[in-house]
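Structure, as structure tokens:
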Amino acid sequence: KTKYSKLIFGKSDTVPEELHQMVQEGFLTLRKHDCFFQDLVRIKGKDFVTPVSRILIGTPGCTYKYLNTRLFTVPWPTEGYDIKYCSPQIHDACKALIRLNDYLHIEAVKALQGQNLLETKEVKDTTVIDREQNFATSLTEKESVSKDQSSCCVPEDDYLSLKNRTSYNLTLLNYMDPLQMLYLKQEPYFGMGNMAVSWHHDENLVERSTVAVYSYSCEGSAVEESNEPKLKGRDPAVWHVGLKVAWDIETPGLAIPLHQGDFYLMLDDLNMTHQHCVLAGFSPRFSSTHRVADCSRGTLEYIFGQCELALQNLQTDSDSMALSLKSLETAVVKQVEEIHNEVEFEWLRQFWFQGKRYLKCTDWWLKPMAKLEEFWRKMEIMTSLVLSEVGKEEQTEEQRNETISCLLLVLTERQRLRKEWTAR
């Protein structure tokens, strides 16, 4: 209660049976179609293949970046988007995950309400209590919160951001069969046994947003009766989630058993103040980890906007169709070249590096990637136009030096990254 109060645990019998069935069938479908992939991630300048296999499913055009690797969502069925799946079963699996997403969103709102209620118990002001109780129903009607009610206890911006901090835009699905793993690291601080995923914070999330995790271990009778010597306090046959206070090994760690269909929520700032790990059991396990990814720089809409901004500096002569630059101002040149790098290294190379695998589910990303490639080609032309302009007589020494030193920085970075990506 003192150190882990923002961890909420949900037993599988609290989740509707129909939802369990849909989601678990969805997991098995995706596994059957070979849609789970190990990622090549980069830690401290070295590349590693993750022991866990993953797939990202979520809002069309959204991406999620972790350990220098950008994953592209297999889009879940969304109104207004034309998404063709490789099979009706994959469509159903993605649809099941939207249903789970909605369910976990409501659970997270309820849990946050509950926490706020606990904090405001002593307060006799009924408007606050009423507001908290009506919160789930009035989530979509923000207007129903009148100004005079928001004067006490729960800061208004918190109240308004509650919906944003629980509206998951994607889920990262994980799959691992521990028996296929030749070597698993031991948990180093508390003797918790085999780790499937080491201690970490989830990254690239909206600040203080909830993370919700649904766990499905394919338990059989053989696994239940483990004959292995029991570790103190933890059955090694059963999967667990481990938690510890960040940068603190004095406070006892926590290991919570995860049975088929259990879920847990990491509320508010728990993901920042604490680290978590996943402790492997004996049976294969799926999990669906729902997140509010910080997509400010990670959506197609964003990167297309950046491209349009860059290409404003390119003009075509109406007679000769020759291309030229509108401005050679250092700030403009620098901005264009930085966007050029962003398109190439954050999008095109990230996608093609391991992007062909998405074709097992859908070809949705191919069109936007082709469009980004077109933009990138134009930006390559823009770079050579800057270089040829710099060589012309009309440039003063000072202008030329300024343009060159700004350009050189970005081009050196481009060269370095191209080498790095070739090696990867």
Just add up the charged neighbours of THR289: K/R +1, D/E -1, any other residue whose Cβ is under 13 Å from the Cβ of THR289. +1
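Around THR273, what is the net charge, scoring Lys/Arg as +1 and Asp/Glu as -1 over all other residues with Cβ under 14 Å from its Cβ? Intermediate results must be reported in sequence, preceding the final value.
On the way: positive: LYS3, LYS6, ARG208, LYS244; negative: ASP202, GLU207, ASP248, ASP268, ASP269.
Spelling it out: positives minus negatives among the neighbours equals -1.
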Region 15-119: trypsin sites (Lys or Arg not before Pro) in DSSP loop, at most 11 other beta carbons within 10 Å: LYS44, LYS84
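What order do you get for 404-415, 184-195 when each peptide is scored by the mean count of other beta carbon atoms within 10 Å, highest first? Can you show the working numbers first?
Details: 404-415: 14.1, 184-195: 16.1.
With the highest mean Cβ count within 10 Å placed first, the list reads 184-195, 404-415.
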Given a 1.4 Å probe, how much area per residue of region 300-423 is accessible, in Å²? 56
Two pseudo-spin positions, 7 Å from Cα along C-beta at GLU380 and at ASN204, lie apart in nanometres by 2.6
Using 7 Å Cα-to-Cβ label points, what is the SER388/CYS86 separation (nm, one decimal)? 4.4
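Using the structure shown, list the pairs from LYS11/LYS65; LYS65/LYS371; LYS95/LYS360; LYS65/LYS326 with a Cα-Cα distance above 24 Å, or answer none.
Values: LYS11/LYS65 30 Å; LYS65/LYS371 21 Å; LYS95/LYS360 17 Å; LYS65/LYS326 35 Å.
In this structure, LYS11/LYS65; LYS65/LYS326 exceed 24 Å between Cα atoms.
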Scan around LEU314 for amide H atoms under 5 Å from its own, H built in the peptide plane at 1.01 Å from N, and keep only partners 5 or more places away or cross-chain. LYS326
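Extension gain SER296-GLU25, at 0.36 nm per residue separation less the Cα-Cα distance, in nm? If you can, show how the numbers build up before the last one.
On the way: separation 271, 0.36 × 271 = 97.56 nm, distance 3.29 nm.
Length gained, SER296 through GLU25: 94.3 nm.
For region 1-103, state which GluC sites (Glu not before Pro) are in a DSSP loop and have at most 14 other beta carbons lying within 10 Å of their beta carbon. Write down the numbers at each step before the final one.
Values: sites: GLU17, GLU18, GLU25, GLU79; in loops: GLU79.
The qualifying sites are GLU79.
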As a check on your grasp of the helix formula, calculate [θ] at 222 nm for the chain: sum -39500 (n - 2.57) over DSSP H runs of n ≥ 4, divide by the residue count, round to the nearest 500. -12000 deg cm²/dmol
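Among the chymotrypsin sites (Phe, Trp or Tyr not before Pro) within region 320-396, which fall in a DSSP loop and have no more than 12 other Cβ atoms within 10 Å of their own Cβ? Don't skip to the answer; put the middle values down first.
Numbers: sites: PHE345, TRP347, PHE351, TRP352, PHE353, TYR358, TRP364, TRP365, PHE375, TRP376; in loops: TRP364, TRP365.
When the chymotrypsin sites (Phe, Trp or Tyr not before Pro) of region 320-396 are filtered for loop state and at most 12 Cβ neighbours within 10 Å, nothing remains.
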Of the labelled options [x] 76, 75, 43; [y] 73, 68, 51; [z] 80, 61, 48, which one gives Cα extents along the principal axes in Å as computed for this structure? [z]
Compute the distance from the alpha-carbon center of region 295-325 to that of region 1-27, in whole Å. 46
Peptides 176-183, 1-8 ordered by average Cβ neighbours within 10 Å, highest first: 1-8, 176-183
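Within 13 Å, Cβ to Cβ, of THR422, how many net charges do the neighbouring residues add up to if Lys/Arg are +1 and Asp/Glu are -1?
+3
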Note: MET181 to GLN395 extended length (0.36 nm per residue) minus current alpha-carbon separation gives 70.8 nm
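Return the carbon/sulfur percentage of the accessible area of the chain, one whole number, probe 1.4 Å, all protein chains in place. Before the final figure, lay out each step's value.
Values: 11460 of 21450 Å².
The computed percentage sits at 53.
The values are calculated or read from the model by the stated rules, or taken from the named source; none is laboratory data. Remember, it's a predicted structure, so these values are computed and weren't measured experimentally. Positions of Cβ are generated from backbone atoms using ideal geometry, with glycine treated the same way; all protein chains shown enter the neighbour counts. Accessible surface areas use protein heavy atoms only, side chains included; no ligands, DNA or RNA. Shrake-Rupley method; radii C 1.70, N 1.55, O 1.52, S 1.80 Å.
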